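Student: Right, I'll just put the structure down here and ask away after.
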Amino acid sequence: MATDVRQGDISTSRSRRLSKHALLIVFGVVMLYPLLWMVSSSIKPNEIIFRDPSIWPTELDLGNYVRGWSALSHPFHYYLWNSAVIAIFAVIGNLLSCSLAAYAFARMKFRGRNFFFAAMLATLMLPIHVLIVPQYVLFSQLDWINTNLPLIVPKFLAHDAFFIFLMVQFIRGLPRELDEAARLDGCGHIRIYWRIIMPLSVPALATSALFTFIWTWNDFFSQLIFLTDPDLWTMPVALRSFMDGQGETAWGQLFAMSIVGLVPIFGFFLAGQRYLTQGLSTTGFK
């Protein structure tokens, strides 16, 4: 009798697990459908993309990738390179400046620390549309419009409060005994930051690098405002050129180049996925 009960519990548990996995698969397919549809549309002839909304193409046109690559004034790798330069410098800037600011908030005691930390968190509630006008006026006076400087320099000035907060949460979780032992060996704040805190903060740094790269790579609004010269266009701004408000939009080429633009994001995400999970799980975002 007891054996039958145990077997019944095992079968019920298996049924529940199968049901959960089936439900997750369904939700996964629903979430992936837009991406699958875009992949499918990138290999369809332009005239049937919206006439045939299924993800199984009845006609193939692989030439969308060839034509889209050379459709603009420069080959598409030119715009990918412009995006890569800005994204790489943004990652370096955020890691250096935000980690320094986070160390100061987490480990140093100074007058007004709590006030400045609260003020920094308050900036998270300001949308970019509120800040873009004064930023444009400032950068215009500095003669930085149509250069990469408005998109890079703020990253070296601890501009992103979210990453400061994330690193502060991580650093606060590190034992202070490590700092005290380092001070007994004659280390100051700089050496403690560089030799102890930074090596132990790799998960938080990797998480910040991943989000910075993705957000910068996908940024359209700021890059559209500050980069009006076609020679400086990044990948998101270049994609907009495939859309013609008065004529026929090259949807197939647009979707094809969008898929190409997603490849670096997937690669960066897969490379840092392990650190992303570890970083988020140890900074209070559980």
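Derivation of every value follows stated rules applied to the coordinates shown; laboratory data play no part. Computed from a predicted model, the values in this text were never measured in an experiment. For neighbour counting, all protein chains shown are included, and Cβ atoms are generated from backbone atoms with ideal geometry for every residue, glycine included.
Student: Fully extended, how many nm does the chain gain between Leu270 and Leu178 (0.36 nm per residue separation, minus their Cα-Cα distance)? Could you put the intermediate results ahead of the total?
Tutor: Values: separation 92, 0.36 × 92 = 33.12 nm, distance 3.21 nm.
Fully extending the segment from Leu270 to Leu178 adds 29.9 nm.
Student: Rounded to the nearest 0.05, what FRET efficiency do Ile190 and Trp69 have when you use their Cβ-Cβ distance and R0 = 51 Å? Don't skip to the end; give the middle numbers.
Tutor: Values: r = 47 Å, r/R0 = 0.93.
About 0.60, to the nearest 0.05.
Student: FRET efficiency for Tyr136 and Leu200, Cβ-Cβ distance as r, R0 = 41 Å, nearest 0.05? Let's see the in-between values first.
Tutor: Numbers: r = 39 Å, r/R0 = 0.96.
So the FRET efficiency works out to roughly 0.55.
Student: Shifting gears a bit: Here are labelled values, (1) 50; (2) 55; (3) 27, and one is the computed percent of Cα pairs over 30 Å apart for what I pasted. Which one?
Tutor: Entry (1).
Student: Hey, another quick one. I'd like the Karplus ³J(HN,Hα) series for segment 71-82: coefficients 6.51, -1.76, 1.60, θ = phi - 60°, whole numbers in Hz, and an x wherever there's a Gly or Pro.
Tutor: With coefficients 6.51, -1.76 and 1.60, one gets 6, 8, 5, 10, x, 5, 5, 4, 6, 4, 5, 4 Hz.
Student: Any idea how far apart Thr12 and Val26 come out in nm if each label point goes 7 Å out from Cα toward Cβ?
Tutor: Each label point lies 7 Å from its Cα, and together they span 2.2 nm.
Student: Based on the mean of other Cβ atoms within 10 Å per residue, sort peptides 49-58, 12-21 so the most packed one is first.
Tutor: Numbers: 49-58: 12.1, 12-21: 10.0.
Per-residue mean Cβ counts within 10 Å order the peptides as 49-58, 12-21.
Student: Could you work out the Kirkwood radius for segment 103-170, taking every pair of different alpha carbons, averaging 1/r and inverting it, reported in Å?
Tutor: Values: mean 1/r = 0.0728 Å⁻¹.
Evaluated on segment 103-170, it is 13.7 Å.
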